[in-house]
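As structure tokens, the structure follows; a few thoughts come after it.
The values are calculated or read from the model by the stated rules, or taken from the named source; none is laboratory data. Given the structure is predicted, the values throughout are model-derived calculations rather than measurements. All Cβ positions, glycine included, derive from the backbone under ideal geometry; neighbour counts span all protein chains shown. Surface accessibility is based on the protein's heavy atoms, side chains included, excluding ligands, DNA and RNA. Shrake-Rupley method; radii C 1.70, N 1.55, O 1.52, S 1.80 Å.
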Amino acid sequence: QVQLVESGGGLVQPGGSLRLSCAASGSIFSRNDMGWYRQAPGKQRELVALMASGGSTNTEDSVKDRFTISRDNAKNTVYLHMNSLKPEDTAVYYCYLRVVTTNYWGKGTVVTVSS
């Protein structure tokens, strides 16, 4: 059974920074995609950033200059480094793992950007 455990969310002022972490455990093949989606109140879930085990990335345009995704394959952990946070970044951030054609989701961690 695959489990994804997120950490690092919280309340931050505009312009601040946060780092989200997601550790995966269970039957995980070495080749996979890990990343982050988010869902703001009243909106659909959207991709934030995705990183393949080989290192290629896909980052949403609105955050590309502010957010950086990284991963530690030895620890099956993915990180999202968020800088210059804006109120519109407020959302529940979900960790995501894709192994071949199977998708796994974390329970989500709340990020609130407010003064």
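For region 37-59, a tally of residues being part of a loop (DSSP other than H, G, I, E, B) and touching a Lys or Arg at 6+ places or on another chain (Cβ under 6 Å) returns 1. Right, Leu4: in contact with a Cys (Cβ under 6 Å, 6 or more places away or on another chain), under 18 Å from Val99 (Cα atoms) and surrounded by 18 or more Cβ atoms within 10 Å (Cβ to Cβ) or not? Against the criterion (in contact with a Cys (Cβ under 6 Å, 6 or more places away or on another chain), under 18 Å from Val99 (Cα atoms) and surrounded by 18 or more Cβ atoms within 10 Å (Cβ to Cβ)), Leu4 qualifies.
Residue-level check: of (1) closer than 15 Å to Leu4 by Cβ; (2) open to solvent by less than 40 Å² (accessible area, probe 1.4 Å), Arg98 misses just (2). Within region 98-115, residues that are without any contact (Cβ under 8 Å) to a residue 40 or more places away in the chain reach partners that are surrounded by 18 or more Cβ atoms within 10 Å (Cβ to Cβ) with beta carbons closer than 8 Å, at six or more positions or on different chains, in the pairs Asn103/Tyr96; Asn103/Leu97.
Here is a yes/no grid of residues against (1) farther than 18 Å from Ala23 by Cβ; (2) surrounded by 20 or more Cβ atoms within 10 Å (Cβ to Cβ):
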{"residue": "Leu50", "(1), (2)": "no, no"}
{"residue": "Ser53", "(1), (2)": "no, no"}
{"residue": "Thr57", "(1), (2)": "yes, no"}
{"residue": "Glu60", "(1), (2)": "yes, no"}
{"residue": "Lys64", "(1), (2)": "yes, no"}
{"residue": "Ser84", "(1), (2)": "yes, no"}
{"residue": "Thr90", "(1), (2)": "yes, no"}
{"residue": "Tyr94", "(1), (2)": "no, yes"}
{"residue": "Gly108", "(1), (2)": "no, no"}
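Just to be sure I understand, how many residues within region 10-36 are assigned to a loop (DSSP other than H, G, I, E, B) and either out of contact with any Ser or Thr (no Cβ under 7 Å at 6 or more places or on another chain) or surrounded by 17 or more Cβ atoms within 10 Å (Cβ to Cβ) (or both)? Result for region 10-36: 7.
Residue-by-condition table, conditions (1) in contact with a Ser or Thr (Cβ under 7 Å, 6 or more places away or on another chain); (2) at pLDDT 95 or above; (3) aromatic (Phe, Trp, Tyr):
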| position | (1), (2), (3) |
| --- | --- |
| Arg38 | no, yes, no |
| Arg45 | no, yes, no |
| Glu60 | no, yes, no |
| Ser70 | no, yes, no |
| Asn73 | yes, no, no |
| His81 | yes, yes, no |
| Tyr96 | no, yes, yes |
| Gly108 | no, yes, no |
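In this structure, does Arg71 turn out to be open to solvent by less than 30 Å² (accessible area, probe 1.4 Å) and either of a type in the set (Lys, Arg) or free of Cβ contacts under 8 Å to residues at least 12 places away in the same chain (or both)? No: the conditions fail for Arg71.
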